[in-house]
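Asks: Input: one structure, supplied below.
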Number of protein chains: 2
Amino acid sequence: MLDYDFDESIGYWLTVTTQRYHRAFNDALVPYGITFRQSQVLGWLALEGELSQAELAGKMMIEPPTLVRILDRMERDGLIRRRPCPTDRRRKLIGATAKSKPVWAKIVECAKGIRARATDGLTDRQQATLKKLLGRVHENLLLTPPTELSDR
Amino acid sequence: MLDYDFDESIGYWLTVTTQRYHRAFNDALVPYGITFRQSQVLGWLALEGELSQAELAGKMMIEPPTLVRILDRMERDGLIRRRPCPTDRRRKLIGATAKSKPVWAKIVECAKGIRARATDGLTDRQQATLKKLLGRVHENLLLTPPTELSDR
DNA sequence: GACAATTCGTTAGCCTGCTAACTATTAGCG
DNA sequence: CGCTAATAGTTAGCAGGCTAACGAATTGTC
């Protein structure tokens with residue numbers, strides 16, 4: 001029994017910490033009627049201008065079908081616009097609307113607040129270390145499983 | 001413009017790393033027909049024996065309504081059993097079935113494999129640091145937002 | 001130029017998160 | 001004792017993850 005280091009491990013802390021982070025972020029954004037992922041969409045559009053859905057999904061590291069519904073809601077709420085791409089009729093270009101501008105300003109405020117709360121008590125060096133370690137774990141898991149035991 | 005350190009920050013890395021982790025875990029568990037959260041339920045039951053739903057939700061750090069549906073599916077699949085508590089008719093005690101035993105053994109295998117992959121190239125000290133830093137961030141976000149700006 | 005392979009967005013179906021609101025039961029307090 | 005408050009589990013409704021599969025359009029190849 002008690003091979004049960006199982007849950008007191010990296011995966012456990014990743015899970016609960018990320019959950020908390022999203023919860024705090026979403027709570028902070030409630031007054032502006034948007035969510036964490038929606039704020040991220042506006043962030044990328046602010047940074048890069050118009051993007052196709054595939055490009056946006058790539059930057060957000062989510063699958064295209066997941067993005068579709070996020071954009072559906074944002075389009076419904078008038079935060080973004082889908083425009084057919086003039087050179088490739090398969091693509092649609094996503095752009096932020098004028099209505100989203102003031103929302104984006106609020107998001108930046110919120111993001112700063114949450115980050116300050118999240119990193120309270122951590123030195124710059126510790127924050128850098130945390131990012132570096134997370135980056136390594138992420139990279140480790142990026143590869144498809146080696147299927148090394150397929151012949152056992 | 002470019003207050004957009006926004007997404008190159010802790011929240012970003014937390015999000016993508018955790019996503020990857022869950023994806024890897026779920027992928028590895030597909031052959032056994034269960035998911036990450038279901039495996040966690042079995043883990044807690046293996047460790048603690050019968051638990052009420054509120055206790056289980058507390059240990060898993062999720063809300064009771066979220067747990068209900070997870071348990072519904074597991075009960076449907078014969079992995080757990082809900083038993084009325086003899087001393088409190090509101091409570092239900094959750095227990096693992098005999099059918100879940102071999103599944104649990106497989107989970108332990110998978111968990112070890114994923115963890116090994118995730119922490120590849122990290123020393124024990126680095127893993128401890130990662131857990132410690134995640135723990136601090138989690139703790140920072142645990143408190144309800146101070147509502148310090150409510151009067152502005 | 002025609003046909004196969006690929007890419008883009010979408011839909012459907014499943015699992016997981018949350019809050020709000022409800023029922024049933026228990027606990028607490030006058 | 002009796003009434004209120006709190007607790008356990010559930011349901012409904014919304015947002016977000018994924019895969020599989022599909023139609024439309026483009027790219028690649030012979």
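Asks: Could you tell me whether region A:85-92 includes any residue that is within 15 Å of DNA strand C (Cβ to nearest atom), away from every other protein chain (no Cβ under 14 Å) and surrounded by 14 or more Cβ atoms within 10 Å (Cβ to Cβ)?
Replies: There is at least one residue in region A:85-92 that is within 15 Å of DNA strand C (Cβ to nearest atom), away from every other protein chain (no Cβ under 14 Å) and surrounded by 14 or more Cβ atoms within 10 Å (Cβ to Cβ).
Asks: Can I ask one more? Could you figure out which of (1) touching a strand residue (DSSP E or B) at 6+ places or on another chain (Cβ under 9 Å); (2) of a type outside the set (A, V, I, L, M); (3) under 23 Å from residue A:116 (Cβ atoms); (4) within 11 Å of DNA strand C (Cβ to nearest atom) isn't true of residue A:44?
Replies: The number of the failed condition is (4).
Asks: Can you name the residue in region A:105-121 that is of a type in the set (A, V, I, L, M, F, W, C) and out of contact with any Gly (no Cβ under 8 Å at 6 or more places or on another chain) and, of all such residues, is nearest to DNA strand C (Cβ to nearest atom)?
Replies: Checked region A:105-121; the qualifying residue nearest to DNA strand C (Cβ to nearest atom) is A:110.
Asks: Condition test on residue B:98, is it without any contact (Cβ under 8 Å) to a residue 12 or more places away in the chain and open to solvent by less than 10 Å² (accessible area, probe 1.4 Å)?
Replies: The answer is no for residue B:98.
Asks: Applying the selection to region B:42-65, what residues are free of Cβ contacts under 8 Å to residues at least 60 places away in the same chain, farther than 22 Å from residue B:88 by Cα and part of a helix (DSSP H, G or I)?
Replies: B:46, B:47, B:60, listed by residue number.
Asks: Going through B:56, B:141 one at a time, which residue ends up being within 12 Å of DNA strand C (Cβ to nearest atom) and crowded, with 19+ Cβ neighbours inside 10 Å?
Replies: Unique residue meeting the criteria: B:56.
Asks: Taking region A:25-41 as the region of interest, how many residues are in a helix (DSSP H, G or I) and either closer than 18 Å to residue A:65 by Cβ or small (Gly, Ala, Ser) (or both)?
Replies: Adding up the residues that qualify gives 6.
Asks: Would you mind stating whether residue A:109 is over 30 Å from residue A:136 (Cβ atoms), more than 14 Å from every other protein chain (Cβ to nearest Cβ) and within 20 Å of the chain's Cα centre (by Cα)?
Replies: no
Asks: Looking at region B:23-70, which of its residues are near DNA strand D (Cβ under 8 Å from one of its atoms) and either within 20 Å of residue B:97 (Cα to Cα) or more than 13 Å from chain A (Cβ to nearest Cβ) (or both)?
Replies: Scanning region B:23-70 gives B:52, B:53, B:54, B:55, B:56, B:57, B:64, B:65, B:67, B:68, B:69.
Asks: Please work out which one of (1) in contact with a helix residue (DSSP H, G or I) (Cβ under 8 Å, 6 or more places away or on another chain); (2) under 30 Å from residue A:125 (Cβ atoms); (3) among the acidic types (Asp, Glu) is the condition residue B:63 fails and give its number.
Replies: (2)
Asks: Could you tell me whether residue A:24 is more than 9 Å from DNA strand C (Cβ to nearest atom), open to solvent by less than 50 Å² (accessible area, probe 1.4 Å) and touching a Pro at 6+ places or on another chain (Cβ under 9 Å)?
Replies: yes
Asks: So, in region A:66-84, of the ones that are in a helix (DSSP H, G or I) and more than 11 Å from DNA strand C (Cβ to nearest atom), which residue ends up least open to solvent (accessible area, probe 1.4 Å)?
Replies: Only one residue tops the list, namely A:74.
Asks: Every residue in region B:113-122 that is assigned to a helix (DSSP H, G or I) and either β-branched (Val, Ile, Thr) or at the interface with another protein chain (Cβ under 8 Å from one of its Cβ atoms) (or both), please.
Replies: Those that are assigned to a helix (DSSP H, G or I) and either β-branched (Val, Ile, Thr) or at the interface with another protein chain (Cβ under 8 Å from one of its Cβ atoms) (or both): B:114, B:115, B:117, B:118.
Asks: What tally of residues in region B:104-130 results from selecting those that are of a type in the set (Lys, Arg) and open to solvent by less than 70 Å² (accessible area, probe 1.4 Å)?
Replies: Final tally of qualifying residues: 2.
The values are calculated or read from the model by the stated rules, or taken from the named source; none is laboratory data. Note that the structure is a prediction, hence the values are computed from the model and not measured. Glycine also receives a Cβ, built like all others from the backbone with ideal geometry; neighbour counts cover every protein chain displayed. Note: accessible area is taken over every heavy atom of the protein model, side chains too, but ligands, DNA and RNA are not part of it. Shrake-Rupley method; radii C 1.70, N 1.55, O 1.52, S 1.80 Å.
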